[in-house]
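Worksheet: the structure to be examined is printed underneath.
The values are calculated or read from the model by the stated rules, or taken from the named source; none is laboratory data. From a predicted model like this one, the values you see are computed outputs, not experimental measurements. All Cβ positions, glycine included, derive from the backbone under ideal geometry; neighbour counts span all protein chains shown. Quick note on the areas: whole protein, heavy atoms, side chains included, nothing else; ligands and nucleic acids left out. Shrake-Rupley method; radii C 1.70, N 1.55, O 1.52, S 1.80 Å.
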Amino acid sequence: MLSKTADYALRTVAALAGSAESADSADTLSEQTKVPRRYLHKVLQDLVAAEIVRSRSGPGGGYSLALSPDKISILDVVNAVSPLERIKHCPLGLPSHTSLCPLHRELDKAYAATEQAFSRVTIGQLLRSASGIIRAYAASVKTLVSVARIAASESALPARVPPIPPVSTR
């Protein structure tokens, strides 16, 4: 569900949140998060453009969070690098589909629930909820991404998805 870029961005933001007292170099972040250095540069650029991360050059420079981890939601990070896209019209482009077909309506509901779940959880909350795990390796953010995915999947899907009627293409 999440792009690799969003996964990398969440790892990076969590690592920066875990070392809030100092700025981290891209090399340090790459090593901590296991994000390839070249890819990390693109992720950091997007996070800086979204004003989630700030960069400082020169001695003692590096990257740090521009906001408190309690003010940054999972959705903020994801949307900064790889926005979740809702389904606004039927992707099949059939003239008979003037609104979303049942399949795409259900998929859009899942996307909406994912957005909602991601908007409710901050990086600060994730760091506190995973306490020792995150502090032991502030960038073992695969844990954070897994928590986010589980939270989204539990709240995104309806208890029972109704059967989808066949669509006539005539």
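Beta carbons closer than 8 Å, at least 6 apart along the sequence or on distinct chains, pair a first residue in the range 57-85 that is farther than 23 Å from Lys4 by Cβ and charged (D, E, K, R) with a second that is open to solvent by 40 Å² or more (accessible area, probe 1.4 Å) and assigned to a helix (DSSP H, G or I) for Asp70/Gln125.
The residue that is surrounded by the fewest Cβ atoms within 10 Å (Cβ to Cβ), among those in the range 18-40 that are under 14 Å from Gly62 (Cα atoms) and in contact (Cβ under 8 Å) with a residue 60 or more places away in the chain, is Ser19. Looking at (1) in contact with a Phe, Trp or Tyr (Cβ under 7 Å, 6 or more places away or on another chain); (2) of a type in the set (Ser, Thr, Tyr); (3) assigned to a loop (DSSP other than H, G, I, E, B), which is the one condition that is false for Tyr39? That leaves (3) as the condition not met. Just one of the listed residues (Ser22, Ser64, Ser30) is in contact with a Leu (Cβ under 7 Å, 6 or more places away or on another chain), outside any helix (DSSP H, G or I), within 23 Å of Thr122 (Cα to Cα) and not acidic (Asp, Glu), and it is Ser64. Within the range 57-105, can you find the residues that are more than 24 Å from the chain's Cα centre (by Cα), within 23 Å of Arg37 (Cβ to Cβ) and open to solvent by 30 Å² or more (accessible area, probe 1.4 Å)? Ser57, Gly58, Pro59, Gly60 - these are the residues of the range 57-105 that are more than 24 Å from the chain's Cα centre (by Cα), within 23 Å of Arg37 (Cβ to Cβ) and open to solvent by 30 Å² or more (accessible area, probe 1.4 Å).
The residue pairs whose first member lies in the range 108-137 and is under 16 Å from Ala15 (Cβ atoms) and outside any helix (DSSP H, G or I), whose second member is modelled with pLDDT under 90 and among the hydroxyl-bearing types (Ser, Thr, Tyr), and whose beta carbons are closer than 9 Å, counting only pairs six or more residues apart or on different chains, are Ala130/Ser140; Ala130/Thr143; Tyr137/Thr143.
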